[in-house]
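All remarks here apply to the structure that follows.
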Amino acid sequence: MVGDRALGEQKIAWVRDHMPVLRAVRERFERTRPFEGRTISAVLHVEAKTAALALTLQAGGARVHLAAGNPLSTDDDAVAALRAAGVDTLARKGESVEEYNEAIRAMLRADPELIIDDGADLVALAHTARPDRGRIIGSTEETTTGVVRLRALAASGKLRFPAIDVNDADMKHLFDNRYGTGQSVLDGIFSATNLLIAGRTAVVAGYGWCGKGVAGRLRGLGADVIVTEVDPVRAIEARLEGFRVRPMLEAAREADLIVTVTGNRDVVAEEHLKVLKDGCLLANAGHFDIEISRPALERLATGHREVRPRVEEYRFADGRVAYLLGDGRLINLATGQGHPAEIMDLSFTLQALSAEHLLLHGRELAPAVHPVPRSIDRQVALAALAPFEVGLDRLTEAQEKYLASWTEGT
Ligand code: ADE
């Protein structure tokens, strides 16, 4: 679908008004132009908040190329507005996998100095499609799945340039993964189904930061939440938070809704589908569409039809049905509008400042996965306090001295 430029501009203006931390960075970038003449290729979920980031980098002097982080996560109106603003944007909601891959190849052909990635597809391509790192100074990574891939690349000794792990900054995962995913996954489920959460038994697979957010929000809406886990520490965390923790094979029998948030494959597989409660809604919130096995759904189903936009009914031989939401792609962007603006304000400010950091210091950094510098994380935390109307106490001189006396003694 061709997007509506004016609507896209309106959507971007709305989120910008709710992204004050990024706006302050943009104002500084307009004055200091840290990216003057530099080329940045980004593979991100192309929607209004992402547009605010792209335009911030552009305001800092960068030539920005942007492709989608997922074939279903694009807002075509934001694309139209971005193109009109001069950002080379190759994304279309519902694009084919081939179009998606070709757009990522185009991001590499743009010969970037900096890469901003969500899921590490562009970094992966930069390691397979070319014999060297080209002009790439470094990359930044937005999401848990991408960081797992980067760490594997680094462990094999193959990572060619420094990569900044934005995901694990405090101001990212504590807010984006937990509260952002918690809210936006529900937004996606609401939009797809228009059904009630209260009184339903909801199964959340995976109790990482994203799973914690989803489980907490579902409980807040009155669902009876069961968590599934493979990690004993997370399982105890979930139990002490008051959730039942059961194996998927057991949980699936009573699930009205299953949300997968694990980063792994076949979390809902054939054995689970065979015992799944009739009418169960299946939604994936992980980065890739492999958590709910569509091949297993197709193998078992005797009938298949779309009953609402992006709600597919699979009918099994015994008459039970299951509903797959959003093609099994990340539900918060496939049928929802992504994380709230105030959350992406924090994540994308970290991205903008990490990109600036790479430009200034990337040549000194080893080809490894690096944390966001503590000073940047703290700067974002302090700036974030203002709109949230949080007041901080300050240590007295005596308290500072008291703390220092402990460190002096060690
Ligand atoms: N909007 C832009 N990027 C996003 C992300 N990684 N998750 C959710 N919403 C987003």
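All of the numbers you see were taken from the coordinates with simple rules; none came from a lab. Note that the coordinates shown come from a computational prediction; the quantities given were computed from them, not determined experimentally. For neighbour counting, all protein chains shown are included, and Cβ atoms are generated from backbone atoms with ideal geometry for every residue, glycine included.
Using alpha-carbon positions, what is the distance between the centroids of the stretch 21-61 and the stretch 131-170, in Å?
Comparing the Cα centres of the stretch 21-61 and the stretch 131-170, I get a distance of 21 Å.
Tell me the mean residue ellipticity at 222 nm calculated for the chain from its helices only (DSSP H runs of n ≥ 4, each -39500 (n - 2.57), averaged over every residue, nearest 500). It would help to have the intermediate numbers written out before the result.
Details: 17 runs with 181 residues, N = 410.
Estimated from H runs of four or more residues: -13000 deg cm²/dmol.
Trypsin sites (Lys or Arg not before Pro), restricted to the stretch 355-397: which are DSSP loop and have at most 10 other Cβ atoms within 10 Å?
Listed in order of number, the matching sites are Arg394.
If one computes P(r) from the Cα atoms of the stretch 315-410, what percent of pairs lie at distances over 24 Å?
More than 24 Å apart: 59 percent of the Cα pairs in the stretch 315-410.
Given N residues in the stretch 18-60, what is its alpha carbon radius of gyration divided by 2.2 N^0.38 Å?
Dividing the Cα Rg of the stretch 18-60 by 2.2 N^0.38 Å gives 1.14.
Would you mind calculating the relative contact order of the chain from Cα pairs under 8 angstrom and at least 6 residues apart, reporting the percent as a whole number? Write out the running numbers ahead of the final one.
Values: 867 pairs, mean separation 66.7, N = 410.
Normalised by residue count, the contact order of the chain is 16 percent.
Only sites in a loop by DSSP and with at most 16 other Cβ atoms within 10 Å count here; which GluC sites (Glu not before Pro) in the stretch 330-410 make the cut?
Passing sites in the stretch 330-410 are Glu389.
How many percent of all Cα-Cα pairs in the chain sit more than 28 Å apart?
Looking at the chain, the distances longer than 28 Å represent 49 percent of pairs.
When Lys and Arg each count +1 and Asp and Glu each count -1, what net charge do the other residues less than 11 Å away from Gly8, Cβ to Cβ, add up to?
Values: positive: Arg5, Lys11, Arg83; negative: Asp4, Glu9, Glu47, Asp75, Asp76, Asp77.
Residues near Gly8 contribute -3 overall.
Return one quarter of the surface area of the convex hull spanned by the alpha-carbon atoms of the stretch 128-172, equal to its mean projected area, in nm².
Average projection, Cα convex hull of the stretch 128-172: 3.5 nm².
If you add up the charges near Asp117, with Lys and Arg at +1 and Asp and Glu at -1, over every other residue whose beta carbon is less than 9 angstrom from its beta carbon, what do you get?
-4
So which trypsin sites (Lys or Arg not before Pro) in the stretch 233-327 are both in a DSSP loop and have at most 16 other Cβ atoms within 10 Å of their Cβ?
When the trypsin sites (Lys or Arg not before Pro) of the stretch 233-327 are filtered for loop state and at most 16 Cβ neighbours within 10 Å, Arg265 remain.
Nearest 10 degrees, 0 to 90: what angle lies between the long axis of helix 20-32 and the longest principal axis of the chain (Cα atoms)?
30
State the Cα centre-to-centre distance between the stretch 353-392 and the stretch 190-226 in whole Å.
The stretch 353-392 and the stretch 190-226 have Cα centres separated by 32 Å.
What is the Cα coordinate range of the stretch 58-118 on the first, second and third principal axes, sorted by size from largest, in whole angstrom?
31, 23, 17
With an 8 Å Cα cut-off and a minimum separation of 6 or more residues, compute the relative contact order for the stretch 68-181 in percent.
This gives 19 percent for the stretch 68-181.
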